[in-house]
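The values are calculated or read from the model by the stated rules, or taken from the named source; none is laboratory data. Computed from a predicted structure; not experimentally measured. Neighbour counts are summed over all protein chains in view; Cβ atoms, including those assigned to glycine, are modelled from backbone coordinates with ideal geometry.
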Amino acid sequence: MYIIASHVLGAIWYFFAIQRMGICWHNACRKVNGCNTTTFGCHDHHTFRNMTFLNYLCPVRPMNTTLFDFGIYITVLQSGITGSTNYFEKLSNCFWWGLQNLSSFGSNLEPSINGWENLFAAFISIIGLLLFLYLIGNLQAYLQFDTTRIETHRHKRRVEEKMKEKGQKIELWLFCIPERLKEDMKLLIMEKVRQELEEDRDADLNYILSTLPMDIQSSIRSGIPITRLTQVPIFKDMDEKVLKAICRYLKPRRYAKNGTITQEGGPLEMMLYIVNGFVNIEERDGSNNLQRGAREVYGEELLRWPLSNSFPHVLPSATLSATAGSDVVALALTATDLDSVVSEFGRQYFFGMITCKMFSVKEVEKATDTYHVSRFIRRQQTITSRGVSTRVYKGVLADKTEVEVTRYTVNCSYDDYPYLVKLVAVASRTNHKNLVRLLGCCLEGQTIALVSEYIPNACTLFQRIHGEEGEEGKPSSPLSLELRMKIASETAGALAYLRSLTTTPILPSFVSTTSILLDDNCTAKLCSFGLRFVPNDSRYSLSSIRQGCFDPESKTLIERLDVYGIGVVLAELLTDPNAISSSGDRDLTKLVNSFLEDRLKEILDRKIILKEGDFRTAKKVAHLATRCLRYEKEEMPSMKEVVAELEGILRILRAEQGGEASFS
């Protein structure tokens, strides 16, 4: 538009310039005698050339405004192009003049007093302004169009990305749906998702699902992974947030018939939820055959991996080999993805791994009369790196079940809490006849209370050895050598069980005669709820132990604390309560040193040595205790070796006695 207007206005300006010169000539001719205006015609140009007075009365170089004011046309007249035959010069000069004055809105024009000339200058200014506004409008329209185009492209790309993201989730939803129905359902859902996204809505799949026909809703809901996972026992008590996080990470996997899934002894890298087909599970030699089918889980050991002290650095080992018994379709949760879930929802995850009943603070306080002093049973010796004080109370639940409530007073931060929940989850999974059975727990805020089985007339091994009265006030009878070895063997068996747990080897926080309970039948029950994980770090040697297998300065538990502890228990079982101190207050350091220095005869409890064979047995036990009390772990036996030796000693004693252990 600017170019056309510049050409038009330049041409008009050229035309008006010639017209103004013509007017000047006519005015000059009237002032001179003998001048006839008809001689200005082009056909009589010879006459025109002899009229030199015109140059005086109509001067252009320089212009004399007194004689005649050419105004805005003077430049074209001064350039001489009006008399030129070079049409390119005429065209280019006129175009430039029009463009220059349009772009400046005629601000440089200096018109004469001629009315039409002033109107022409005003017209140029107005046309320039209108064209400028038109140009700005076009630029705005273009920019708006370009912005709209870019936003449309971005919106389309966002829609496609969302469609892809939702498509993956829908694919997971429909993974368990038969193939003949899956495609039609997916197209229907994706169409509704696109409609929602096109209208800039979030496209909530749960809402979209609710808008589908009821029969389709029912089919999809039954196949959604979170619905299926909640039907699997190990996921039943999981927090919904944890389950949703697990479902986000599930990935479809397919295995051809006879395809290998895991090898026995190899790393267990994933857990499978089997949708179709079945998995054969067996040992390398072909024994112990198992089979898992649709709606079952293989590799659930991976879910217990976060309870292990090896998490997340060392993967658990597959205890059995697994192969596809048919074409298998499954949903897989990898170890890496499980690590991400635990990192995000550690506390909720460990709560879900607790298998015992959860009690509220009010329930526990009601059962113990708010920890009334009359319900107090004993203070339990618990040694940890965080300073835990433990008191045990007798409680009665609403259903009249008698229980023991172990109350922990813990000084820990919020960040430490998942670790404590983790410990309880581990304890809830222990099951051994010589461990006090955990019935439930209370984990609310800073309240940590463990509810365990109540053992009537129970007393600690320490009380029986020292002849103190039991819980119900009955005087305790002395224990025979055979019965002492039975208690030691049962205690060692419980410790070996804790050591042998596949995914989570654990240790009691402290093993001593005060942490071993005895029932009416003198069956040993280890109080196993002050549990601590086996340290990954083995830099602490037994040389750092002082007074009870524990360094009070570093407050660090050692790697073979259980072996050292059973050594202390064996030493106490063999020795006279007053052998080390006449007051009866036993110094464990002196006791340990007495065994290491082979001074058994000086400290042996003569009440249990009834014949020569008993002394030989005592020497064997003392030798075992001495090895357990060594300062370097390389010189100590393993817990399995301790159990084997104690069982062998117990068999010999029973053979000599001709039966089971007596109570005296």
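Return the residues of segment 143-170 that are farther than 20 Å from E191 by Cβ and either not in a helix (DSSP H, G or I) or not aliphatic (A, V, I, L, M) (or both); say none if nothing qualifies. Scanning segment 143-170 gives Q144, F145, D146, T147, T148, R149, E151, T152, H153, R154. Scanning segment 468-513 for residues that are in contact with a Gly (Cβ under 9 Å, 6 or more places away or on another chain), modelled with pLDDT under 65 and farther than 19 Å from D562 by Cβ turns up P475, S476. Of the residues making up segment 180-188, not a single one is modelled with pLDDT under 75, in a helix (DSSP H, G or I) and within 29 Å of the chain's Cα centre (by Cα).
Taking the conditions (1) more than 23 Å from C441 (Cβ to Cβ); (2) modelled with pLDDT of 60 or more; (3) among the hydrophobic types (A, V, I, L, M, F, W, C) in turn, L542 satisfies each one other than (2).
Any residue at all in segment 637-660 that is in contact with a Leu (Cβ under 9 Å, 6 or more places away or on another chain), surrounded by 18 or more Cβ atoms within 10 Å (Cβ to Cβ) and at pLDDT below 85? No: zero hits. Considering only segment 118-165, how many residues are aromatic (F, W, Y), touching a Leu at 6+ places or on another chain (Cβ under 9 Å) and either modelled with pLDDT under 85 or more than 28 Å from G71 (Cα to Cα) (or both)? The qualifying residues number 1. As for segment 239-251, it holds no residue that is assigned by TED's automatic domain parsing to the domain that holds R347, of a type in the set (G, A, S) and closer than 23 Å to A324 by Cβ.
Counting only helices (runs of 4 or more DSSP H) that sit completely within segment 266-373, those holding 1 or more residues that are outside the structural domain of T390 (by TED's automatic domain parsing) and in contact with a helix residue (DSSP H, G or I) (Cβ under 9 Å, 6 or more places away or on another chain) correspond to 301-304, 335-344, 346-352. Considering each residue of segment 143-156 in turn, none proves to be more than 60 Å from the chain's Cα centre (by Cα) and surrounded by 13 or more Cβ atoms within 10 Å (Cβ to Cβ). Of the residues screened, T65 is one that is modelled with pLDDT under 80, part of a loop (DSSP other than H, G, I, E, B) and of a type outside the set (F, W, Y).
Annotation for segment 414-421: no member residue is among the aromatic types (F, W, Y), modelled with pLDDT of 75 or more and either surrounded by 18 or more Cβ atoms within 10 Å (Cβ to Cβ) or under 25 Å from T370 (Cα atoms) (or both). If the condition is being surrounded by fewer than 13 Cβ atoms within 10 Å (Cβ to Cβ) and of a type outside the set (V, I, T), then segment 98-115 contributes S107, N108, E110, G115. Contact annotation: residue pairs with Cβ atoms under 8 Å, 6 or more positions apart or on different chains, pairing a residue in segment 65-83 that is without any contact (Cβ under 8 Å) to a residue 40 or more places away in the chain and on the phi < 0 side of the Ramachandran plot with a partner that is aliphatic (A, V, I, L, M) and assigned to a helix (DSSP H, G or I), are L67/L57.
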